[in-house]
Amino acid sequence: MKKTNKNKTTEVSSPKGMRDLMNEEYYGFQGFFEKAQEVAIYYGFKPIDTPILEKEEVFTGSIGSDTDIIDKEMYTLKTKGGDHLALRPEHTAALMRAYVEHGMQSMPQPVMFYQYGPVFRHDKPQRGRYRQFWQFDLDCLGNDKSIMDALVVKAGMSILEEAGATNLTIDINSIGDKECRNVYLKELTSYYKKNINGLPAVDRERLKTNPLRILDSKEEKTKQINENAPDSVSFLCPACKKHFKEVLEYLEEMDIAYNVNKNLVRGLSYYTRTVFEIIEQEGGEDGTPLALAGGGRYDYLARHVGSKRDVPAVGISIGVDRIIGASWYKKLSPRILKKPKIYFIQLGPEAKLKSLNIIEILRKAHIPIAQSLSKDSLGSQLAVAEKLSIPHAIIFGLKEALENSVIVRDMGNRSQETVKLNKLLEYLKELK
Ligand code: AMP
C-alpha cells in the first residue's frame, strides 16, 4: 500500500472483479480447457479465436438494448482513431460476425466451432460472479434441425461431467420464432397491463421495451405475478412446437433430466425457439441453484451483424470460473505439466557453466526435471530434491564437467553411479 500526495491510500491491485490466474488455479483452467477441447473435437467442433475487442455495434445490434449486458455491463472505448469498440461480453455475436465476414454460408453446413477465452461484464462482483470471466462455447451455425440443439446440450453436459459435475439438471423453454412470438408477446403484455399496479417500477419500464424480460425478473412482487403469466410453449406455432418436442425427445433418449421452465427467457434478445440453462442444484450461495452454462437457438442473429440472410444456429456457453471454483472440480491436470523424474544438482563454477547444456539434453529427450541452479551447496540442493520426493538426482561437479560425465543418485537408497554423458539417456531409460 502506498500513500498518495492527496493523503489517499491506494492499493496495488488488479481492477475490481478481475484477477491474476496463477498456481493451482491456472493449472485448473488449463487442464479444463484441454479436456473441453478434446470433447469438442470428438463431437466434430473446430477451433476459432475471435478478437477480444469488436466494433461496439456487433453487440449492441444483436444482444439488444433493454438487456443488462448492453444497458449496464459492457466495457466500451473510443480509439484514438475514433472507432467505437467493446470488450466482448460474450462470444456468440462475434462468432456470427466471423461467419458472415468469411462467407461461411458457402461451406458445408452446419459449421461447428468451439471458442474459449475471457469475456467482460461490468457486473456486481460476488461469489461466482466476476467482471472478467472465462467462457467455453460450442456453436453449430447454418442448420435449423432440432438435433443440433440436442448436440450442443449433450456435448456441453459431457464437458461438465468430465470436469466432475454430477448433480446437473437442465431448465429448458421455447420462446418461439417470429411467427408465434408476436402473438405470445401480445398476450403477455396484456397480462402485465392487467397487473400493472403490482409491478415494480423497473418492470413497468420493461413492459414498454422488452416484456419478455419481466419473466426472469428478480423482483419478489413480479415473481408472484409471473406465477400465473401465460407461458410461451402454449403459443408455439406447429413448426416451433414440433422442434421443441423433438429436442425434448432427444434429451429423454439420452437420459438427460430436464425441467420445462416457462419463465426462462435468458437475458439476451437474439434467442429464438430453444433456450436452456444447465444448473447445479445446490451450487450457489446457501445451497441455491447455480447456472453453470446457458444457451439456445439464435436463428435471426446473423441479420443483426450484417448478413443479408438468416443463418439458423444454436450454441452453449459454459462458465469456466464456476467449474474451477467448485468443490467437485476434478482438478484436471494440463498435459504439459510433468512430474519431475530427476533433480539436477550442480557443484562449482565449472559445472554451473555447463549446466544448461545438460538440462537441454534432458529436455530434448523429454525427461522432466527440477533444479535449483541458483543454489551452490550440495546439502541445500539435496534437501530440495528430498522435499520434492524426486526419485533420482543428477550430480554434476568439477570432475564430471572435465570428464563429460554425471553422477546419478538414487534418492531412495542413496546409491550413486558415474555415467558418461553419451550413455546418459540410455541409462536413465533403464531406471524405474
Ligand atoms: P450467459 O452468457 O450470461 O448465459 O452465461 C453463461 C454462463 O457463464 C453462466 O451460466 C455462468 O456459468 C457464466 N457466467 C455468467 N456471468 C458470469 C460472471 N459474471 N462471472 C462468472 N461466470 C459467469
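The values are calculated or read from the model by the stated rules, or taken from the named source; none is laboratory data. Keep in mind the model is a prediction, meaning the values are calculated, not measured. Don't worry about glycine lacking a Cβ; one is built from the backbone with ideal geometry, like all the others, and counts go over all protein chains shown. These accessible areas exclude ligands, DNA and RNA; they are computed on the full protein's heavy atoms, side chains included. Shrake-Rupley method; radii C 1.70, N 1.55, O 1.52, S 1.80 Å.
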Solvent-accessible area per residue for the chain (1.4 angstrom probe, square angstrom): 53 Å²
Rg in Å to one decimal, and Dmax rounded to a whole Å, for the chain via C-alpha atoms: 28.3, 94
Centre separation in Å (Cα based) which lies between segment 150-221 and segment 357-432: 62 Å
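Rounded, prolate or oblate: which one fits segment 342-430, using the alpha carbon gyration tensor with axes a ≥ b ≥ c (rounded when a/c is under 1.5, else prolate when a/b beats b/c, else oblate)?
Because its axes are fairly even, with a/c under 1.5, segment 342-430 counts as rounded.
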Residues whose placed amide H lies under 5 Å from that of residue 405, excluding near-sequence neighbours: 421
Cysteines not pairable in the chain (beta carbon separation under 4.7 Å absent): 140, 240
Portion, in percent, of the accessible area of segment 181-235 that falls on carbon or sulfur, probe 1.4 Å: 49 percent
Cα gyration tensor shape of segment 146-207, rounded if a/c is under 1.5, else prolate or oblate by comparing a/b with b/c: oblate
Carbon/sulfur fraction of accessible area - segment 328-432, other protein chains in place, 1.4 Å, %: 56 percent
For segment 181-235, the spread of Cα positions along each principal axis, largest first, Å: 26, 21, 18
